[in-house]
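Colleague: Once you've had a glance at the structure underneath, I'll fire off some questions.
Values in this text are rule-based calculations from the coordinates and carry no lab data. Here the structure is a predicted model, which is why all the values come from computation and not from measurement. Reconstructed Cβ throughout: ideal geometry from the backbone, glycine too, with neighbour counts over all protein chains shown.
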Amino acid sequence: MKTTRWSLLLAGLASMAGGCQPEEPVQAPPAALESQKAALTAGAWTSNASSLLGHAGGHSATLLNGPGDVLVADGNGSEVYNPYTNAWRRTASMSTPRYYHTATELSSGKVLAAGGRASDWSDMFSSAELYDPATGTWSPTGTMGAFRAHHTAVRLDSGKVLVAGGNMYFNRNGPIGPPGEVYDPETGTWSAVLGSFTPRSRASATVLYSGKVLVTGGYMWWTSTAGTTSSEANIYDPATNYWYPAGNLAKARHGHSAIRLYSGIVLIVGGIDGGNTVELYDPYSEQWSLGPPLPFNMTPFFSATMLYSGEVLVTDGIGQAALYDPSTNSWLTTPNMNTSRSDSSTTLLHTGEVLFVGGNSSSPRSVERFTR
C-alpha cells in the first residue's frame, strides 16, 4: 500500500516537472484551416450550365414569376433558363435586336422590352415589344415618345410601367421627348410624366412602400455640364403623375443600385464615381444619411441584390463580394465569384439563390449562382 502511494507521488512530481517545459506548437491540419476560413465568410458560389448564347453585356434577365424561369434577351437572341433543371432552351428572338434596353414583367406575366440601342451605337430605339411566356413569342406594342438606352424602368403598384431618363442620340442638342413616360398595359400606350427632371442615363429607380418612386444619380449627357455624374434625386408620384425633388446624394454616381430594404429605407451603393461610399434614404423622414463603407475598393461596375433574408449581396467587376446586414448595419465578407463580371445580369431566383449571367467578354456564356 505504501509502495503504491510513493509511486503515485513520484509520478505526479514527474508530470509537474514535465509541464513546466515549453511545448512544441501544434500545427492545425490544412483542412482545419480551410474550415476556419470558411467560417469567417458567408455564402458560396457554384458554376452553372453555360448559356446557349453569349451575353457579354447589355442583355436583360427577367424572372418569370409563374414558372420561376429566367428570360435572358439581347441583340444576340433570347433564351430561357430553368434553375431547377439547370438547363437552357432557345425561345424566339426580339423583333428588334437591342442592347441596354429595359425588360419588365407585367402583372399578366408578359415581359415588356423597351428602347435600347444597336451594339455599336449606330441606332437607338423608341420601340417596345411584349414577350408572352405561354407562346414563347414577341409582339409589338406602343412606341415611346423618346429614343432611349441605358434608361431605367420599374413596375408601379397600378401595374403600369415607369420609364425614366436614358441616353438619346448624341448628335442632337437637348433631349428628345419627355424625360419620363408611363406605359399602360391595358391600352398599350405611353404617356408623358410632368414636372422637373434632369434627363440622365444609368440612374436608379426604386418603388417605395408608398407607391412613389425614388430616382437617384445618373450620367449627364446633354446639359451644359455634359460628361459629369449627377447627385440629383427625384420622387415620382403616380397619384399626380409628377416629379418632385428629393435632395441630393452625398456622392454623385451612375450605374449604381438602390435597394429598398424590408424597413422601407433605401440602400444606395456602388456605381461609377461612387467609390465605397454607401448612403441610406429614409422615405418617412425624407432624410439622407451615410451607411458603413464597403469593405473593399469598389470597381466601377457592380451589382446589388437583396436576398430573402433581407441581406444585400454586392459584387464588383473583378469578382469581389460582400453582404450588407441591415439588422447590424454592417458588412459580412463573402468568397469571391468564380468569374469576374463587369456587365452581368443578376436575378433573385425563387430558390433564394442569385443567378449571374454573362458580363465577361472573354467568357460571355459563363453562368454561376450565389447561395447564402
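Colleague: Under the Kirkwood approximation for Rh and a Cα-based Rg, what ratio Rg/Rh is obtained for segment 299-372?
Modeller: Rg/Rh for segment 299-372 comes to 0.96.
Colleague: Once you keep just the Cα pairs under 8 angstrom separated by 6 or more residues, what percentage relative contact order results for the chain?
Modeller: It comes to 14 percent, rounded to a whole number.
Colleague: Give me the angle, in degrees from 0 to 90, between the Cα long axis of helix 30-39 and the longest principal axis of the Cα atoms of the chain, rounded to the nearest 10.
Modeller: Tilt relative to the chain: about 50 degrees.
Colleague: If the cut-off is 15 Å between C-alpha atoms, which aspartates and glutamates fall inside it for Lys212, apart from same-chain ones fewer than 8 positions away?
Modeller: By straight Cα distance, Lys212 reaches Asp157, Glu181, Asp237, Asp282, Glu286.
Colleague: Quickly rank 287-300, 330-343, 53-66, 268-281 as a protection proxy: mean count of other C-beta atoms within 10 Å, highest first.
Modeller: Result, highest mean Cβ count within 10 Å first: 268-281, 53-66, 330-343, 287-300.
Colleague: Could you list the square roots of 5 times each eigenvalue of the Cα gyration tensor of segment 333-372, that is, the equivalent ellipsoid semi-axes, sorted largest first and rounded to whole Å?
Modeller: Values: eigenvalues 64, 30, 10 Å².
In descending order, the three semi-axes are 18, 12, 7 Å.
Colleague: What are the semi-axes of the equivalent ellipsoid of the chain, taken as the square roots of 5 times the eigenvalues of the Cα gyration tensor, listed largest first and rounded to whole Å?
Modeller: On the way: eigenvalues 494, 121, 68 Å².
After diagonalising the Cα gyration tensor, the semi-axes are 50, 25, 18 Å.
Colleague: Measure out, as a whole number of angstrom, how far apart the alpha-carbon centroids of segment 229-243 and segment 302-372 sit.
Modeller: First find each Cα centre; the distance between them is then 28 Å.
Colleague: In what sequence, highest mean first, do 360-367, 108-115 appear when ranked by Cβ atoms within 10 angstrom?
Modeller: 108-115, 360-367
Colleague: Please state, rounded to one decimal and in Å, the Kirkwood hydrodynamic radius that segment 263-334 gives when every pair of distinct Cα atoms enters the mean of 1/r.
Modeller: Roughly 12.4 Å, rounded to one decimal.
Colleague: To continue, here is another question. Mind checking Rg over Rh on segment 53-113, alpha carbons, Kirkwood formula for Rh? It would help to have the intermediate numbers written out before the result.
Modeller: Details: Rg = 11.1 Å, Rh = 11.8 Å.
Radius of gyration over Kirkwood radius for segment 53-113 works out to 0.94.
Colleague: How big is the C-alpha Rg of segment 224-372 next to the rule-of-thumb value 2.2 N^0.38 Å, as a ratio?
Modeller: 1.08
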